[in-house]
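Since the structure comes first, as structure tokens, the remarks are kept for the end.
The values are calculated or read from the model by the stated rules, or taken from the named source; none is laboratory data. What you see is a predicted model, and the numbers here were worked out from it, not measured in a lab. Neighbour counts are summed over all protein chains in view; Cβ atoms, including those assigned to glycine, are modelled from backbone coordinates with ideal geometry.
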Amino acid sequence: MNFVLQPWQLLLTILAGMINRQQQEVIEHLRAENQVLKEAHGKRRIRLNDDQRRRLAVKGKILGRKLLGEIGAAFSPDTILRWHRQLVAEKWDYSNRRQSVGRPRVRPEIVDLVLRMAREIPTWGYDRIQAALANLGHKISDTTVGNILREHGIEPVPDRKRRSPWKGFLEAHWDVLGAIDFTTIEVWTKSGRLTFYLLFVMEVATRRVCFAGCTASPDERWMKQVARNLTVYGDGFLEGKRYLLMDRDSKFSAAFRAILRGTDVEAVRLPPRSPNLNSHLERFLRSPKQECLDRMIFFGESPLRRATIAFLAHYHGERNHQGLSNRLIEPDDSVGRATGPVRCRKRLGGMLRYYYHEAA
């Protein structure tokens, strides 16, 4: 089946490239602007008020030391992260509460509610948050709401509305969200050592994972067949899913995405170099390699497939997951059994083990 790129699809592709290029140009401009600012001030200290320090501290903590160093910020990463530590320390400083004079401080549970509402609903301003708190029986002024937000480095609502938090998108579509990505393994064949591509798809809400296949040549024909397998009616792993997270790897071609779109699965292509936006699947991809695949030498495709299938059986039914409160994804009848002899189920020669009580 040949796929013809429609004019509107070509336009969207060009527009996406222009936006990415424009974002990079903005970043380069800000870097240059920071450098000019530092050169203009020389060794003179740039003086900021407490509100400005808080805002930089909150934003800087999200970026981390490495990225702060790369963007050439006007302040050193150590300075910005020190401000963040001070901001955290202030939260637990109760010395002012011992004073018997002056206006009483806002109770911690009210502060936590204000911050929660502001972060979960970016469109809510001071008045809306004040009204929501009144519904819960907490009487405070909109000025107090504004003071709380400023103290914790949260911008006013016009600035928050401009952002579309990724966490909010994930929470809103949690039950209909999937993720897809590749990992690679070196395999010895008759032709020498080849790189094999293993494709995995995850149901984000449950952490269930489907091994979509492996190949040394993930060309468009192979990828289109994978898309059909994943979306086949009644048996496809993506049945019931609405969105599929993927990076901008060229293997996820327009033809691959078109097959998904034909079954109402929308491909959500992530920005370049942003593995944290697909963190659940990225974390999974480390597990099979660290726990078995990188500890084995494969001679041919078949042993690689068998090892991968064995790991997934262990992953679903025998491996506890911290992201699921240390539960198993697909527990069997042995879970919770407290009597009977303890047995060990071994996979891949004992590399993967599961301990359980055998039924008496």
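So that you can scan it fast, the table gives a plain yes or no per residue for (1) at pLDDT below 95; (2) more than 16 Å from the chain's Cα centre (by Cα):
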residue: Arg248; (1), (2): yes, no
residue: Gly262; (1), (2): yes, yes
residue: Glu266; (1), (2): yes, yes
residue: Asn276; (1), (2): yes, no
residue: Glu282; (1), (2): yes, no
residue: Glu291; (1), (2): yes, yes
residue: Ile309; (1), (2): no, yes
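Taking the stretch 248-271, which residues are assigned to a loop (DSSP other than H, G, I, E, B) and buried (at least 20 other Cβ atoms within 10 Å of the Cβ)?
Residues of the stretch 248-271 assigned to a loop (DSSP other than H, G, I, E, B): 248-253, 262-265, 270-271.
Scanning the stretch 248-271 gives Phe252, Val265.
Looking across the stretch 320-330, the residues that are touching a helix residue (DSSP H, G or I) at 6+ places or on another chain (Cβ under 8 Å) and either assigned to a loop (DSSP other than H, G, I, E, B) or modelled with pLDDT of 95 or more (or both) come down to Leu328, Ile329, Glu330. Which condition from (1) in contact with an Asp or Glu (Cβ under 6 Å, 6 or more places away or on another chain); (2) closer than 18 Å to Thr184 by Cα is the one that His316 breaks? His316 satisfies every listed condition except (2).
Restricting attention to the stretch 295-317, and to residues there that are free of Cβ contacts under 8 Å to residues at least 60 places away in the same chain and touching a Pro at 6+ places or on another chain (Cβ under 9 Å), which single residue is farthest from Phe196 (Cα to Cα)? Spell out how you get there, then give the answer.
Our first condition is that a residue be free of Cβ contacts under 8 Å to residues at least 60 places away in the same chain; within the stretch 295-317, this holds for 295-296, 302-303, 306-307, 310-311, 313-314, 317.
Still in the list and also touching a Pro at 6+ places or on another chain (Cβ under 9 Å): 296, 307, 311, 317.
Values: Met296: 14, Ala307: 14, Phe311: 17, Gly317: 26 Å.
For the stretch 295-317, the residue satisfying everything is Gly317.
Residues of the stretch 101-133 that are under 28 Å from the mean Cα position of the chain (by Cα), among the basic types (Lys, Arg) and modelled with pLDDT of 85 or more: Arg116 alone. Taking the conditions exactly as written (touching a strand residue (DSSP E or B) at 6+ places or on another chain (Cβ under 6 Å), part of a strand (DSSP E or B) and within 24 Å of Thr308 (Cβ to Cβ)), does Leu245 satisfy them or not? Yes, satisfied.
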